Amino acid sequence: MAPPTNADGQAPASSAPGSSLRLRFLSAAVLLPITFGGAWLGGVWWVMLVAAFACAMVWEWSGIVADRSTPRIGFFNTVPAGGVAAIAVAGAVGLTDAGWTAFSLMLLVMGAMLAALLARADRPGWQALGVFYVGLPSLTIVWIRDEPDGLAVLAWMLSLVIAVDTGAYAAGRTIGGPKLAPRISPKKTWAGLAGGVAGAFLVGWISAFLLGFPRFLPLILVSGGLAVVEQAGDLAESAFKRHFGVKDSSRLIPGHGGVLDRVDGLLAVALVVGLIGFFQGGLAGWMR
């Protein structure tokens with residue numbers, strides 16, 4: 001949800017660049033307080049927010065991969081597979097918050113199977129993949145917030161993603177240079193990646209200082225590594241959209257595109273942070 005660039009580093013369709021930039025900042029001014037406020041409150045508020053974003057992302061994914069001739073249903077104009085996937089992901093998010101992780105994973109598997117069944121010949125594998133692509137990081141984000149140091153970790157993680165996107169945009173625009181992955185995202189540059197890593201280093205240093213860590217270097221280095229992960233998640237979503245000939249995942253967020261366009265990097269970062277916490281026996285002290 002970081003201003004001011006989308007997943008491809010390109011502005012969504014707009015009448016003028018200036019109006020697009022204003023829309024981006026206005027959208028960010030609304031979304032960022034909601035996101036950080038929900039993280040601060042935690043509990044049911046955070047769960048509902050994550051579930052809402054997850055449903056939006058699954059809806060976007062299903063709409064992108066479905067054939068244009070596939071019938072849409074309901075107010076949200078979704079394909080049947082997308083509706084089932086959204087219900088499964090939202091339910092799994094709630095189960096994870098209740099501590100029933102095994103059941104939430106089972107629900108994701110069942111949702112993916114049913115989505116594939118409903119899709120039939122209409123790219124069933126892609127429909128099933130969307131359940132896990134969105135569902136697993138969403139469950140991880142809820143689990144992270146429920147951990148003893150979850151709020152601090154989540155605030156660091158969200159700030160890191162914003163800093164990486166902003167640093168990459170600023171460095172890419174001002175320095176330019178060789179393209180990072182021209183066939184996937186023509187506007188991304190190696191300079192932009194370096195700017196994103198620099199932004200992550202800064203967030204790691206500030207976070208370690210505010211949290212009173214005795215050593216700053218471990219968190220700074222982890223933050224820099226996650227900057228690469230964030231950009232890789234960004235590129236993966238760009239490749240997915242390019243494969244299906246789509247520029248933005250939707251137009252849900254004025255000036256930004258879709259929810260997937262905003263949080264693609266966060267999905268990748270959340271999974272990696274969750275895996276680190278899992279193998280370290282929790283998040284309570286791994287950053288120190």
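Remarks
- Helical mean residue ellipticity (222 nm; -39500 (n - 2.57) per DSSP H run of 4+; nearest 500) of the chain: -24500 deg cm²/dmol
- Ranked 215, 173, 123, criterion: other C-beta atoms within 10 Å, fewest first: 215, 173, 123
- Neighbour-count ranking [beta-carbon atoms within 10 angstrom, fewest first] of 243, 256: 243, 256
- Least to most buried among 79, 161 (fewest other Cβ within 10 Å first): 79, 161
- For residue 189, residues with placed amide H under 5 Å, excluding near neighbours: 180
- Radius of gyration, Dmax [the stretch 167-211; alpha carbons; angstrom]: 12.6, 41
- Highest-first arrangement of 46-58, 260-272, 143-155, where packing means the average Cβ count within 10 Å: 260-272, 46-58, 143-155
- Among 88-101, 224-237, sorting by the average number of other beta carbon atoms lying within 10 angstrom of each residue, highest first, gives 224-237, 88-101.
- For the stretch 17-279: rounded, prolate or oblate by the Cα gyration tensor [a/c cutoff 1.5]: oblate
Rule-based calculations on the coordinates, nothing more; no lab input. These numbers were taken from a predicted model, which means no experiment stands behind them. Cβ atoms come from the backbone with ideal geometry, glycine included; neighbour counts cover every protein chain shown.
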